[in-house]
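Here's the structure, in structure tokens; my notes come after.
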Amino acid sequence: MTVLKYITMQKNKLREKHTGETYLFGRDVEAVPVQSRSAYDILNEIDAMQGLNKSERVYGCASAG
């Protein structure tokens, strides 16, 4: 294996590892990776939260469908 081939392999490993990552940048701080989730996952998490008004959730589900 040549040095150039090794460098290419390492570059590809890093690229595959970080593909699709999104970073949030703030003022005077380091970048923070943000996990991407589907809208379906987020809505399921909201629906499962304790303390939400049940009638509002039912209305929201009925109007969305």
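Any read-out appearing in this document is the output of simple, stated calculations on the displayed coordinates, not a laboratory observation. Predicted model only: the values in this text are computed from it and were never measured. Methodologically, a virtual Cβ is constructed for each residue, glycine included, from the backbone with ideal geometry; neighbour enumeration extends over all protein chains shown.
Within region 1-49, the residues that satisfy the criterion of being of a type in the set (S, T, N, Q) and part of a helix (DSSP H, G or I) are THR8, GLN10, ASN12, ASN44. Under the condition of being hydrophobic (A, V, I, L, M, F, W, C) and closer than 17 Å to ARG37 by Cβ, the residues counted in region 13-27 number 1. Only one of the numbered conditions (1) surrounded by 10 or more Cβ atoms within 10 Å (Cβ to Cβ); (2) of a type outside the set (Val, Ile, Thr); (3) touching a strand residue (DSSP E or B) at 6+ places or on another chain (Cβ under 8 Å) is violated by LEU43, and that is (3).
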